[in-house]
Amino acid sequence: MQRASGVNYSMVKHVVAENNLHTICTSGNCPNIGECWNSGTATFLILGDICTRACKFCATKTGKPLPPDSMEPVKMAEAIKVMRLRHCVITSVDRDDLQDGGASFWAETIKQVKEINPGTTVETLIPDFDGIAENIKKIINEEPDVISHNIETVRRLTPIIRTKAKYERSLNVLRYISEQGRIAKSGFMLGFGEKEDEIIQTISDLYATGCKILTIGQYLQPELNYMEPVEYISPEKFEEYRLLSLAMGFLFVESSPLVRSSFHAENHVKAR
């Protein structure tokens, strides 16, 4: 893990703070923040930093969100320009309080980012939008380079670890993205007590949706009031899953303990 310092790191940190923007890099306590910010990649968190769901693995705040900031799409797009980012990842908290789950706001954000930064590639890491195709289509219509939605864990553990989200619904979201001709990406964590056959089944289920890119990482307890890891998986085992996934047909696979969904994301736009 690269030390969180350096010229680019300091510049990104300053611009994010100055524009009152949120990043999952900081909200999610990502271990790779130094490497990503120094390499010209950042993951922005839109629609505020308060989530309507309370998943047991996530460090993002839970509660009643504030109304969306109508200027956030432009502010974020301008900040990306100042940062001279080659690649940006956009994600959001779940906004079950909004009529379309925030899909229209998502679409406007992508539009502004692409208009103001035509040379920057864009990945969107989206919520499930309750599986409503009309809302997912709003993101697809803006043509981000990669559309990601994380399955997070195996089928058996989904009701325990994720709130409201459903394993099959997440698969359907990815399948819909793929069927619309877009690059679909997903990821999940190990260490919750899943079994090897469940891990292999999850990889197979994701591949069957048309998903092209996969990330697998170790769950790390973000704070003391979150669930503790049941197991720490060896780097060798992560490598086994990487090779298995590539053999199955995935185009890009990142699999190691510190991998997070946007790790080396700038390379994933090459998947075709």
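Could you tell me which numbered condition Ser178 fails, if it satisfies all but one of (1) outside any strand (DSSP E or B); (2) touching a helix residue (DSSP H, G or I) at 6+ places or on another chain (Cβ under 6 Å)?
(2)
Rundown of residues vs (1) basic (Lys, Arg); (2) within 16 Å of Ser245 (Cα to Cα); (3) in contact with a Gly (Cβ under 6 Å, 6 or more places away or on another chain), yes/no style:
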site	(1), (2), (3)
Val146	no, no, no
Ile177	no, no, no
Phe188	no, yes, no
Glu231	no, no, yes
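Working only within the stretch 172-201, note down all residues that are closer than 27 Å to Asp145 by Cα, surrounded by fewer than 23 Cβ atoms within 10 Å (Cβ to Cβ) and touching a strand residue (DSSP E or B) at 6+ places or on another chain (Cβ under 7 Å).
Scanning the stretch 172-201 gives Ser178, Arg182.
(1) under 19 Å from Ser148 (Cβ atoms); (2) under 21 Å from the mean Cα position of the chain (by Cα); (3) not acidic (Asp, Glu): which one isn't true of Met248, the others all being true?
Of the numbered conditions (1) under 19 Å from Ser148 (Cβ atoms); (2) under 21 Å from the mean Cα position of the chain (by Cα); (3) not acidic (Asp, Glu), the odd one out for Met248 is (2).
Ala165 fails exactly one of the following numbered conditions: (1) touching a strand residue (DSSP E or B) at 6+ places or on another chain (Cβ under 8 Å); (2) under 24 Å from Tyr226 (Cβ atoms); (3) without any contact (Cβ under 8 Å) to a residue 60 or more places away in the chain; (4) small (Gly, Ala, Ser). What is the number of that condition?
Unmet for Ala165, out of (1) touching a strand residue (DSSP E or B) at 6+ places or on another chain (Cβ under 8 Å); (2) under 24 Å from Tyr226 (Cβ atoms); (3) without any contact (Cβ under 8 Å) to a residue 60 or more places away in the chain; (4) small (Gly, Ala, Ser): (3).
Could you list, in sequence order, the residues of the stretch 77-116 that are touching a residue at least 60 places away in the same chain (Cβ under 8 Å) and in a helix (DSSP H, G or I)?
Within the stretch 77-116, Ala79, Val82, Met83, Trp106, Thr109 meet the criteria.
Output the residue which, of all residues in the stretch 27-47 that are outside any strand (DSSP E or B) and under 25 Å from Thr158 (Cα atoms), is modelled with the highest pLDDT.
By that ranking, first place goes to Leu47.
Would you be able to say whether some residue in the stretch 184-200 is modelled with pLDDT under 95, hydrophobic (A, V, I, L, M, F, W, C) and not in a loop (DSSP other than H, G, I, E, B)? If you could, list the steps in order and put the result at the bottom.
Of all residues in the stretch 184-200, those modelled with pLDDT under 95 come to none.
The answer is no; no qualifying residue exists.
Among the basic types (Lys, Arg) and surrounded by fewer than 18 Cβ atoms within 10 Å (Cβ to Cβ) - does that describe any residue in the stretch 138-152?
The answer is no; no qualifying residue exists.
Collect the residues in the stretch 213-250 that are assigned to a loop (DSSP other than H, G, I, E, B), surrounded by 16 or more Cβ atoms within 10 Å (Cβ to Cβ) and either touching a helix residue (DSSP H, G or I) at 6+ places or on another chain (Cβ under 7 Å) or free of Cβ contacts under 8 Å to residues at least 60 places away in the same chain (or both), keeping them in residue-number order.
Listed by number, the residues that qualify are Pro229, Ile233, Phe250.
If I go through the stretch 63-115 residue by residue, how many of them are crowded, with 18+ Cβ neighbours inside 10 Å, at positive phi and either in contact with a helix residue (DSSP H, G or I) (Cβ under 6 Å, 6 or more places away or on another chain) or of a type outside the set (Gly, Ala, Ser) (or both)?
Result for the stretch 63-115: 1.
What are the residues in the stretch 127-162 that are on the phi > 0 side of the Ramachandran plot and touching a residue at least 40 places away in the same chain (Cβ under 8 Å), if any?
Phe129, Gly131, Glu152
The values are calculated or read from the model by the stated rules, or taken from the named source; none is laboratory data. On a predicted model such as this, the values are computed, not experimentally measured, just so you know. Ideal geometry is used to build each Cβ from the backbone, glycine not excepted, and the neighbour counts take in all protein chains shown.
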